[in-house]
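Here the structure comes first, spelled out in structure tokens, and everything after it is commentary.
The values are calculated or read from the model by the stated rules, or taken from the named source; none is laboratory data. All values derive from a computational prediction rather than experimental measurement. Don't worry about glycine lacking a Cβ; one is built from the backbone with ideal geometry, like all the others, and counts go over all protein chains shown.
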Amino acid sequence: MTGGGNEGSGAGVVLDKVAFSHPGGAPMLFDLSVGAGEILAVMGPSGSGKSTLLSLIAGFETPAAGRILIGGADVTDLPPARRPVSMIFQENNLFAHLDVAANVGLGRSPSLRLTREDREHVSESLTSVGLGDKARRLPRELSGGERQRVALARVLVRNRPVLLLDEAFASLGPALRDQMLDLLKDLQARTRMTVIMVTHDPQDALRISGRTAFIEEGQVREVGDTAAIFSQARSDALRRYLGAGSRGR
Amino acid sequence: MARVGAVPLGIAALSFVTLLAGGAFLGLLIEGARDWQGALAAFDAYLFRVARFTLLQAVLSTIVSVVPAIVVARALSRHPAFFGRSALLRLFAVPLALPALVAALGVLALLGRAGYFADLVAALGGDRWPGIYGLSGILVAHAFFNLPLATRLFLQSLDAVPADQWRLAGQLGMGAWPRFRFIEWPAIRASLPGVAGLVFMLCITSFTIVLMLGGGPAATTLEVAIYQSLRFDFDPARALALTVLQLALTAAVLAMLFRLGAEMTSDAALSVSARRHARPGSVETVLNGLVIVLALVLVAGPIAAIVTAGLQADLSRLAGEARVHQALATSLVLSALAALLCVALTTMMVAARQRLASRRRLPGPSWLERALDGGASLILVVPPIVIGAGWFILVRRFADVFALAPVMVVTVNAAMAIPFAVRAIRPAHDEAAARHDRLCAQLGIAGLDRLRLVDWPVLRRPLLTGFAFAMALSLGDLGVIALFGSDAVQTLPYLLMQRMGSYRTADAAGLALILAMLCFLLMMVAEAAGGRRR
């Protein structure tokens, strides 16, 4: 699969021998190619480097060697805000002292100077995540699921071709998590953005992703069709990780 | 704060503090080089007597504050719910908010030769009450300050004992003594070095209380002797010798404290635990009640004396006096400037430290990071009066020392309050940074936008806490202004000291009440702003 191509509004993501290590940690080396408009799930044991992988793509960490390409362009040296990437974290996606509309509006203008058109866009995107009536609420007045919806609305107004999710729905209950995944799938179908999501639950991966990458000890061990990967795990490591019970859940 | 240049700004702040201390050392070095025979000759019997008294009063003050505090804290912890308990604990926080000068006056108004206690003795037909001066006065005042502080700190460690241990003690049928021996004492012993160390440090660098309550050469500490040698004898060589000794002493004590792991800027959080465990027996209840009442008398007595003596003063005449107006205005302006400078310096150092810590590539902190950490507590090693003395000696060669008073008061008081401001600002700042740094990087919120939209709304309250705390400290400080004050530049504490010196005790009491109210108000602002965060 090639990394280039700007068909639709997604953009391919390529990690080309990206080397990195945390202070005092073991070296990591990532080689991965994600197609434009694809939904890729990333799984692996804790500490295997899943979040680091996303941080490298988002620009929060700088590789020691190698290149990161998004939509064919080398972004290795770009600061996070200038990469064509949005990211949703598990927590702290919102500024607690700003209301919902302002939190979304920041995706349009980092100085929060919004035109009439921007404001319309903000309220449209809030409506499309089902929060049209909560624009003036503060984050603490929302449930955990609603807060992540606000983060999704901001992704919509930012309109970047790549979306990274770092266990974004992990702290929600199973039913709510499924709702959020369905919402995400809808939004992705509309925008055709490329989605890379870290999760620890095979159900999440099966629900929306086309392919799944399995990471262990700072390396991509396996990439393949999600359904296939879970039905016939090829490597011992993946089998160990999944355990006997979780297969075919 | 704006991420661009956080580190250079922090270095600038650190340099400022270093320069402040360094300038003082330079003054002392020049003086030492010029007149080293004089400085050496100053190491005489008198100086060693002063040093001995400095240590003696600090040791005794620590003992009379900390040992009773163990008993009081234990009594309070054994009775976790009685009427007025939380009010009592609030009262125990009041001495921390009072300037030392005001507390000294309270002790004098209560126990001085012309104090309320003397009236009582006379009314009962006793001999003339000699008044409490010298060592006994110093000990009472230090106990007034430090016993409540130590009590609150001990109570905190007793409250941290897991509830299961108390349940277990109840199940095993432990009486008062086994409980103390197996549960309470181990908890207290763990915090004892830290608490005792903190109190000892506060007492060994105590200037105002010794100045006001110590009398004559028999009861003088090094800091007071430095002040006297500069203001009265004008003997810089002696001041140099005294300063060197004081520095050696505080450095030695501090080194010891760091080894004990003491927290130097402890402010005990209010604990109003209502957890109940097995009810103490009736004998123990009576004894505990007695202990608590005695502690209450010690703390409430001087406070009540401050209020009554203050109210007896001719407050309306004081309020109309131009000198008072002037001193009040000077005090407010200088302390507000000091607080602003303090908060600015603190924020710069805190932001730089956090920045360095978050992007460090090595497992341990770099020397700069450590320096930014240590710079904040530099002032604990170098007492304000020593910095003041150094600059006094340095500047008198080039300029009119007294014209420099405002600058010295603002800068030294600002530096003095930094360790406390760090406690108010750093946790909030570092937490906000952890929550917001990635989000801001992702959304491209930086520079002034970040200050306006993110940092200011989030850090406003902690900054206000730091500001109010620093302003209260500066408002009540007598150390620097005692050296640099003159008829031209008078703060409220300086005016108060002058009135005391000319035996206008009623005026002094009135001014003390005004000063106490101002400081108390600021402390309430600080607590309210700190408490309502998030």
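Among the residues of region A:63-79, those that are in contact with a strand residue (DSSP E or B) (Cβ under 8 Å, 6 or more places away or on another chain) and either exposed (fewer than 15 other Cβ atoms within 10 Å of the Cβ) or within 11 Å of another protein chain (Cβ to nearest Cβ) (or both) comprise A:A64, A:A65, A:R67, A:D74. When the test is whether a residue is modelled with pLDDT of 90 or more, among the charged types (D, E, K, R) and under 30 Å from B:A428 (Cα atoms), A:K17 does not pass it.
Yes/no matrix, rows are residues, columns are (1) within 14 Å of chain A (Cβ to nearest Cβ); (2) among the charged types (D, E, K, R); (3) touching a residue at least 12 places away in the same chain (Cβ under 8 Å); (4) under 23 Å from A:A58 (Cβ atoms):
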residue: B:A405; (1), (2), (3), (4): no, no, yes, no
residue: B:A414; (1), (2), (3), (4): no, no, yes, no
residue: B:A421; (1), (2), (3), (4): no, no, yes, no
residue: B:A432; (1), (2), (3), (4): yes, no, yes, yes
residue: B:C440; (1), (2), (3), (4): yes, no, yes, yes
residue: B:G447; (1), (2), (3), (4): yes, no, yes, yes
residue: B:D455; (1), (2), (3), (4): yes, yes, yes, yes
residue: B:L459; (1), (2), (3), (4): yes, no, yes, no
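Against the conditions (1) assigned to a helix (DSSP H, G or I); (2) more than 14 Å from chain B (Cβ to nearest Cβ); (3) free of Cβ contacts under 8 Å to residues at least 40 places away in the same chain, where does A:A135 fall short? Just the number, please. Unmet condition: (1). Residues in region A:175-205 that are outside any helix (DSSP H, G or I), more than 14 Å from A:A41 (Cβ to Cβ) and in contact with a Lys or Arg (Cβ under 8 Å, 6 or more places away or on another chain): A:M193 alone. Taken together, the criteria place A:V85 among residues that are in contact with a strand residue (DSSP E or B) (Cβ under 7 Å, 6 or more places away or on another chain), within 12 Å of chain B (Cβ to nearest Cβ), under 29 Å from A:L176 (Cα atoms) and surrounded by 21 or more Cβ atoms within 10 Å (Cβ to Cβ).
Each row is one residue, and each column tells you yes or no for (1) at pLDDT 85 or above; (2) among the aromatic types (F, W, Y).
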| position | (1), (2) |
| --- | --- |
| B:A187 | yes, no |
| B:I204 | yes, no |
| B:T208 | yes, no |
| B:M212 | yes, no |
| B:A218 | no, no |
| B:Y227 | yes, yes |
| B:R275 | no, no |
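Restricted to region B:54-74, and to residues there that are touching a helix residue (DSSP H, G or I) at 6+ places or on another chain (Cβ under 7 Å) and surrounded by fewer than 22 Cβ atoms within 10 Å (Cβ to Cβ), the residue that is farthest from B:V293 (Cα to Cα) is B:L60.
B:A432 meets the conditions (1) under 30 Å from B:E31 (Cβ atoms); (2) in contact with a helix residue (DSSP H, G or I) (Cβ under 8 Å, 6 or more places away or on another chain); (3) assigned to a helix (DSSP H, G or I) in every case but one. The failed one is (1). Return yes when B:T346 is in a helix (DSSP H, G or I), touching a Ser or Thr at 6+ places or on another chain (Cβ under 7 Å) and either modelled with pLDDT of 85 or more or not hydroxyl-bearing (S, T, Y) (or both) and no when it is not. No; evaluated as a whole, the condition is false for this residue. Exactly one residue out of A:S55, A:S9, A:S46 is at pLDDT 90 or above and either part of a loop (DSSP other than H, G, I, E, B) or buried (at least 19 other Cβ atoms within 10 Å of the Cβ) (or both), and it is A:S55.
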